[in-house]
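To start, the structure itself, in structure tokens.
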Amino acid sequence: MMEQSPNASKPTQTVPSSTPAPKQQIICSHKNHPPDWQQQIAAGFSSPSALLKALGLKENDLGFDIDPDSSFKTRVPRSLVARMEPGNKKDPLLLQVLAKDLENEVTVGFVQDPVAETTALATPGLLHKYTGRALLVTTGACAVHCRYCFRRHFPYPEAMLDKSKMAVAFDYIAADTSIEEIILSGGDPLVLSDEKILGLIQALNSIKHLKTLRIHTRTPVVIPARVTTSLLSALNQWQGHSVVVLHVNHPAEINEEVKAALQHLGQAVDHIFNQSVFLAQVNDEVNILKSLSEKLFACGVLPYYIHALDPVQGAAHFAISDEKMKGVMEQLRALLPGYLVPRLVREVPNSDSKQPL
Ligand SMILES: *Cc1c(COP(=O)(O)O)cnc(C)c1O
Ligand code: SF4
């Protein structure tokens, strides 16, 4: 999500693993050495041309233009690129992260804030749209920048939590006993340090009416090394039920390393679910979604939602018609047990839940 915000910029200040460590690193204590996952965020691809080059693709052969200067910057961890097929300009993982010039085309109905999030803020950094659940925007940063993301234009500096906004948000949650579930979202909360995550969990533990902690994250998928023992011990501090909702769109995102990380994560949380976004040319075929559900299941993860694309300016080339989505879901229902079929939903501004299609 978005450019790095000032208080989420830690990963970019770390030394990429591919660069020799500067001298003073040698005298650093082990404790101050950034964890591997932070180095992986810092060492990710930050331009479409570098990404294409790594995959042996030539800009001239693509058949479309890329946008090297998008204000929503390129950010792609090498671990994810390693799962792409070299030389395949239609690779479904590449298409999710490659900044195309098409993003600059203005499409009727595709807007800056498609789900009206900026008007749903209960306090800065806290969205309270649905009964019983409130969502904390913990950071604007993500480990990967997905080109279809509905938050690509979100005004993070205003919406994000700093210390004083955090206090206001926590007062709001503490005062409303109808809130039983807190969702840590962003951006991606797992780009925060284990220390910060632990601090959030401890603060939430003191609000006695909270029953469930939910974390929405894509980081363990794109950088499986994020699932560290110290993250798990932070998560273990939570006193109530815990849920992680991952974001995987295509079966090729799941390799053995991801599987091991998810099995590890499953030891610290009660449930792991997945949400996907229905994306043209990425996962708009029944066999792809079937394989995705099966692979998730093999990792101990159940499919939860598949979202119709939010009509955000810049993402129109990912859109699929409702008819097509419904048709694919009907085929999927005929092939899989019900618990492996995600619910097809759409975010409708000012409604009291996600809306089934
Ligand atoms: C999606 C969302 C939730 C969670 O909705 P569920 O249907 O419970 O997954 C909560 N708050 C906000 C603001 C959301 O956008
Ligand atoms: S889809 Fe999720 S991981 Fe991707 S940019 Fe948006 S918030 Fe970040």
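At pLDDT 95 or above, surrounded by 13 or more Cβ atoms within 10 Å (Cβ to Cβ) and over 20 Å from the mean Cα position of the chain (by Cα): does that describe LEU344?
Numbers: at pLDDT 95 or above: yes; surrounded by 13 or more Cβ atoms within 10 Å (Cβ to Cβ): yes; over 20 Å from the mean Cα position of the chain (by Cα): no.
Criteria not met by LEU344.
So is VAL277 open to solvent by less than 40 Å² (accessible area, probe 1.4 Å), within 16 Å of ligand 1 (Cβ to nearest atom) and closer than 29 Å to LEU204 by Cα or not? Steps first, please.
Numbers: open to solvent by less than 40 Å² (accessible area, probe 1.4 Å): yes; within 16 Å of ligand 1 (Cβ to nearest atom): yes; closer than 29 Å to LEU204 by Cα: no.
So VAL277 fails the test.
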| request: Output the residue which, of all residues in the range 202-212 that are within 16 Å of ligand 1 (Cβ to nearest atom) and open to solvent by 10 Å² or more (accessible area, probe 1.4 Å), is nearest to ASN283 (Cα to Cα). | output: THR212
| task | Restrict the check to the range 256-272 and report whether at least one residue is open to solvent by less than 40 Å² (accessible area, probe 1.4 Å), farther than 26 Å from ALA82 by Cβ and part of a strand (DSSP E or B). | result | no
| Considering the range 213-271 alone, what residues qualify as being small (Gly, Ala, Ser) and within 16 Å of ligand 1 (Cβ to nearest atom)? | GLY240, SER242
| Of the conditions (1) surrounded by 17 or more Cβ atoms within 10 Å (Cβ to Cβ); (2) within 13 Å of ligand 1 (Cβ to nearest atom); (3) part of a helix (DSSP H, G or I), LEU190 fails just one. Which one is it? | (2)
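Tally up the residues in the range 323-338 that are assigned to a helix (DSSP H, G or I) and open to solvent by less than 50 Å² (accessible area, probe 1.4 Å), please. Explain how you work it out, then say what you get.
If we filter the range 323-338 for residues that are assigned to a helix (DSSP H, G or I), which is where we start, we get 323-335, 338.
Narrowing further to those that are open to solvent by less than 50 Å² (accessible area, probe 1.4 Å): 325, 327-329, 332.
Adding up the residues that qualify gives 5.
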| task | Kindly provide the set of residues from the range 99-149 that are farther than 30 Å from ALA43 by Cα, β-branched (Val, Ile, Thr) and either modelled with pLDDT under 95 or within 16 Å of ligand 2 (Cβ to nearest atom) (or both), ordered by number. | result | VAL106, THR107, VAL108, VAL111, VAL115, THR118, THR119, THR123
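Quick check on ILE173: is it at negative phi, part of a strand (DSSP E or B) and buried (at least 16 other Cβ atoms within 10 Å of the Cβ)? Full working, then the answer.
On the way: at negative phi: yes; part of a strand (DSSP E or B): no; buried (at least 16 other Cβ atoms within 10 Å of the Cβ): yes.
So ILE173 fails the test.
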| field | Answer residue from the range 105-143, given it is in contact with a helix residue (DSSP H, G or I) (Cβ under 8 Å, 6 or more places away or on another chain), part of a strand (DSSP E or B) and among the β-branched types (Val, Ile, Thr) and is farthest from ligand 1 (Cβ to nearest atom) among those | value | THR123
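The values are calculated or read from the model by the stated rules, or taken from the named source; none is laboratory data. Remember, predicted model here, so these are calculated numbers, not experimental data. When we count neighbours, we look across all protein chains shown, and the Cβ atoms used for this are built from the backbone with ideal geometry, even at glycine. These accessible areas exclude ligands, DNA and RNA; they are computed on the full protein's heavy atoms, side chains included. Shrake-Rupley method; radii C 1.70, N 1.55, O 1.52, S 1.80 Å.
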